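Here is the structure we will look at.
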């Protein structure tokens, strides 16, 4: 099993190029199931989750070719509509094949998805919406089975809870449904907007993406597309956290400052210098951080995917900080590992109270999920001595070449088996 090793207290200086967004690439890859024509995706990150999604599409019979950061997909000869457990267990995003397969092929069988163990993420919102649009189905022996022999029809869909993958699934399904679909309380993030833009390129009629109300006028068929994946806002936010912890000055090339408006506001408030440039976002920090109160929320709120990294930073801030995790009920597992490094953190339900300490100490720690692994890298960059992070495979699900990127700006970080 691989480990990431970090020797801390080395300021970061230089340029880091932000990769394409995993959370934008995966739903757009799923959207290729809506057409039999060739689809080209550029700026696709080389990540384990992307490789797993390619495996899933291949298992359906899709023709997938990868070259560098370009992925060409053609779903003209789909032979199977079953997403098997062995493939789906690797990641939550595999649920995204449900909507497009039911819409185009009128049936689907998808194993209940896996992914990070950060809390219960029910799929009932996806299933209930598809049933309202004319599908029938149930969950049996760990599989979601759905049929729509007459096709899907437009409907008024209201999500009782904001769901990113649910919004994406119904957005794709509605593109081939008969009539108008209105999605209310829809997710609003940049990844939703990116998917909608791709569907429009394919010939769909989509209005309101980026707001809490999306309207889709279904069409009979969709065509292929050529699309570049947007920059990864969570990767950019993680490198902001890294500079905040270790000090220094870096340029995050291609990073989108608008997509990070809330976390950037928070980081400015705790003493980090962040400005937009023609090339991306310039980040610098040379002083002790200030304390803060953070409340995670769906976009445009503070992202739950940056909560762990922020906790590592606030462990070194001056005073008492509070983090309220409002998205997932089991997303404080990294706190126990930060305690091993000398942090002062107490957890009470969905709230973490962090008393800032003068320094963290390198230790042997274990990554429990994707973003937890990133928080331990951030903490290791700030700590005295050497930190060894076990279960490094977690970080490869969402960060492309993270060691190489950090090495290029002065970090002492490497991987061992």
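The values are calculated or read from the model by the stated rules, or taken from the named source; none is laboratory data. Please read all numbers here as calculations on a predicted model, not as lab measurements. Quick reminder, even Gly has a Cβ in these numbers, built from the backbone with ideal geometry, and neighbours come from all protein chains shown.
The test for being in a helix (DSSP H, G or I) and buried (at least 19 other Cβ atoms within 10 Å of the Cβ) does not hold for residue 206. No other residue among 198, 101, 181 is touching a helix residue (DSSP H, G or I) at 6+ places or on another chain (Cβ under 7 Å), assigned to a helix (DSSP H, G or I), in the same structural domain as residue 30 (by TED's automatic domain parsing) and closer than 30 Å to residue 258 by Cβ apart from 198.
From the residues in the stretch 235-258 that are in a helix (DSSP H, G or I) and more than 18 Å from residue 314 (Cβ to Cβ), which one is nearest to the chain's Cα centre (by Cα)? Spell out the reasoning first.
As a first pass, look at the stretch 235-258 and keep what is in a helix (DSSP H, G or I): 235-246, 258.
Add one more test, that the residue is more than 18 Å from residue 314 (Cβ to Cβ), and what stays is 235-236, 258.
Details: 235: 9, 236: 12, 258: 17 Å.
This residue is 235.
So is residue 187 assigned by TED's automatic domain parsing to the domain that holds residue 11, in contact with a helix residue (DSSP H, G or I) (Cβ under 6 Å, 6 or more places away or on another chain) and either touching a residue at least 40 places away in the same chain (Cβ under 8 Å) or part of a helix (DSSP H, G or I) (or both) or not?
Working: assigned by TED's automatic domain parsing to the domain that holds residue 11: no; in contact with a helix residue (DSSP H, G or I) (Cβ under 6 Å, 6 or more places away or on another chain): yes; either touching a residue at least 40 places away in the same chain (Cβ under 8 Å) or part of a helix (DSSP H, G or I) (or both): yes.
No, not satisfied.
Among the listed residues 110, 123, 54, 88, identify the single one that is in contact with a strand residue (DSSP E or B) (Cβ under 9 Å, 6 or more places away or on another chain), buried (at least 16 other Cβ atoms within 10 Å of the Cβ) and within 22 Å of residue 196 (Cβ to Cβ). Just a single option satisfies the conditions, and that option is 123.
Given the condition part of a helix (DSSP H, G or I), in contact with a strand residue (DSSP E or B) (Cβ under 6 Å, 6 or more places away or on another chain) and at pLDDT 95 or above, answer yes or no: does some residue in the stretch 360-372 qualify? Walk me through how you get there before you give the answer.
If we filter the stretch 360-372 for residues that are part of a helix (DSSP H, G or I), which is where we start, we get 370-372.
Still in the list and also in contact with a strand residue (DSSP E or B) (Cβ under 6 Å, 6 or more places away or on another chain): none.
No; the residues of the stretch 360-372 include none that is part of a helix (DSSP H, G or I), in contact with a strand residue (DSSP E or B) (Cβ under 6 Å, 6 or more places away or on another chain) and at pLDDT 95 or above.
Is there a residue being surrounded by fewer than 22 Cβ atoms within 10 Å (Cβ to Cβ) and in contact with a helix residue (DSSP H, G or I) (Cβ under 8 Å, 6 or more places away or on another chain) anywhere in the stretch 24-44? Taking every residue of the stretch 24-44 in turn, none turns out to be surrounded by fewer than 22 Cβ atoms within 10 Å (Cβ to Cβ) and in contact with a helix residue (DSSP H, G or I) (Cβ under 8 Å, 6 or more places away or on another chain).
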